[in-house]
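The values are calculated or read from the model by the stated rules, or taken from the named source; none is laboratory data. The model shown is predicted, which means the values in this text are computed figures rather than measured ones. Cβ: placed from backbone, ideal geometry, glycine included. Neighbour counts: every protein chain shown.
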Amino acid sequence: MTTDSYLAIDIGASGGRHILGWLDNGRLLLEEIHRFTNGMEQMDGYLCWDVDKIFDEVLTGLKKCNDIGKIPTSVGIDTWGVDYILLDGVGNRIDPTIAYRDDRTAGMNAEVYKCVSKEELYKLTGIQKMMYNTIFQLMAAKIKTPQILDEAEHMLFMPDYLHYKLCGVMKNEYTIASTSGMLNASDKKWDDEIIDRCKFPRKLFGELVPAGTKLGNLTDEVKKAVGFDCEVVMPPSHDTASAFLAVPAKSENAVYISSGTWSLIGVERAEPICSEASRVADFTNEGGYNYRYRYLKNIMGLWILQSVHKEIGGDMNYSDLVGLARASSYDGIFDVNEERFLSPKSMVQAVRSAFSERNQVEPKSLGDFVRCICRSLALAYAEAIKGLSVLTGTEYEVINVIGGGSQNDFLNEMTAKASGLPVYAGPVEGTALGNIASQMIAFGELSGPEEARNIIMQSFDIRKIVM
């Protein structure tokens, strides 16, 4: 490769990808180098991440870059939020690394609210209450496994830890830390009052740095393993923060949907909204690139469809599922945000129970399931946009959908119909694009977010859907 390239490692709850990006005559080009599966496993009574396996896959993808002679200038990793890794005083990991879908956080919100009321917590952090937020996970650890917290000297979020393993530098990147429920929304720093009142060890909360920070080069051990050296750059390491950086918005009054396992629907703002009305409406103020705020609502997303597909979909691809949904006449809808859908033993049964408990006709065929899931998601999006409009005082004109869900034409059509707004679908690789763009900005290849978004708009197919 004759021009500088940048490697995004985008890791989600079900899989990860290594994607190289580079500029060629004003266009941003991508090449997938490696893809791997990921998932939660039962370990010692908890639902956990196999962190060693994840890092081995990180190294495998880097080795493939060397094998094909495409050495990146830098590498950056983004993942899902909230999950953390504890390390001892010499930097060794303290297991287990418990996943956000584990049920250990049941009732932990009540324990946190004994220290900080839910109203005050939201006023300080602006973070939507989700039972897996880091603050609730840490409270579970404090109550159930206090010896582990006593032993720990450092807390790194998943991408922080993977960056540390690559280059030996420990930092907490701002966008991923903002998902914890322990950052002050106004000053963008760890909120010492919350930490003290919850009696969490202050030593765990390390230095916060912004997205785009250059951490350093690969360690000697990693260089030997992968066959080359490059710099490690912290992108917006929460995957949605990277995705929002890549949105090629068609209007200033655009709503963004990062559509994948989760659906994150919202807008980018210069200031947070931490009002009581915002808390009651379940909106959140997460950190974005350049210390912007991602004001959004977290909706259960395609996790429900993915789980049903895995359970009864066999070898069908998603275009086949969409075809079944179009052929179905089933008109049932349900609330996709109910906690029953977070980690059920059977998603099919969880969806059926949402109807049977209301004495309504249950979905029967796979097409019925796909249709009612997509329609229910679309209605949830439309309701979120109405709430967003009220809280921000803005009348929104278009919806930009990025990520894997942008390929689901049936869902996008239902979203356009439910909201009454045109939907612009794409690019699919929104998260990787934002990751790559942030690295390019760090090295001066792009001047900033505006240029990055303009190039992304010119480089990728974006479909308009109107109903």
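Being hydrophobic (A, V, I, L, M, F, W, C) and more than 30 Å from His18 (Cβ to Cβ) is true for just one of Leu421, Leu377, Leu411, Leu433. Which residue is that? It would help to see each step written out before you state the result.
Numbers: Leu377 fails: more than 30 Å from His18 (Cβ to Cβ); Leu411 fails: more than 30 Å from His18 (Cβ to Cβ); Leu433 fails: more than 30 Å from His18 (Cβ to Cβ).
Sole residue among the options that is hydrophobic (A, V, I, L, M, F, W, C) and more than 30 Å from His18 (Cβ to Cβ): Leu421.
Quickly run through the stretch 113-163 and pick out the residues that are under 17 Å from Asp88 (Cβ atoms) and of a type in the set (Ser, Thr, Tyr).
Correct list: Thr145, Tyr161.
Of everything in the stretch 394-430, what is polar (S, T, N, Q) and buried (at least 17 other Cβ atoms within 10 Å of the Cβ)? Give them in sequence order.
Listed by number, the residues that qualify are Asn400, Ser406, Gln407, Asn408, Asn412, Thr415, Ser419.
Looking at the structure I just gave you, is Thr415 modelled with pLDDT of 95 or more, in a loop (DSSP other than H, G, I, E, B) and assigned by TED's automatic domain parsing to the domain that holds Ser263? Break it down stepwise before answering.
On the way: modelled with pLDDT of 95 or more: yes; in a loop (DSSP other than H, G, I, E, B): no; assigned by TED's automatic domain parsing to the domain that holds Ser263: yes.
Here the answer is no, as Thr415 does not meet what is asked.
With the stretch 158-242 as the region, which helices (runs of 4 or more DSSP H) entirely inside it contain at least 3 residues that are among the hydrophobic types (A, V, I, L, M, F, W, C) and more than 17 Å from the chain's Cα centre (by Cα)?
Details: elements: 158-167, 174-177, 192-197, 220-226.
Once the helices (runs of 4 or more DSSP H) in the stretch 158-242 are filtered for at least 3 residues that are among the hydrophobic types (A, V, I, L, M, F, W, C) and more than 17 Å from the chain's Cα centre (by Cα), what remains is 220-226.
When you check Val428 against the structure, is it at pLDDT below 95 and either in the same structural domain as Glu276 (by TED's automatic domain parsing) or closer than 21 Å to Asp239 by Cβ (or both), yes or no? Spell out how you get there, then give the answer.
Numbers: at pLDDT below 95: yes; either in the same structural domain as Glu276 (by TED's automatic domain parsing) or closer than 21 Å to Asp239 by Cβ (or both): yes.
It is true that Val428 is at pLDDT below 95 and either in the same structural domain as Glu276 (by TED's automatic domain parsing) or closer than 21 Å to Asp239 by Cβ (or both).
Scan the stretch 323-362 residue by residue and report those that are of a type outside the set (Phe, Trp, Tyr) and farther than 23 Å from Gly260 by Cα. Give the derivation first.
From the stretch 323-362, those of a type outside the set (Phe, Trp, Tyr) are 323-329, 331-333, 335-340, 342-354, 356-362; that's our starting set.
Correct list: Ala327, Ser328, Ser329, Asp331, Ser353, Ser356, Glu357, Arg358, Asn359, Gln360, Val361, Glu362.
How about the stretch 80-102: which of its residues are surrounded by fewer than 17 Cβ atoms within 10 Å (Cβ to Cβ), small (Gly, Ala, Ser) and farther than 18 Å from Glu173 by Cβ?
Gly89
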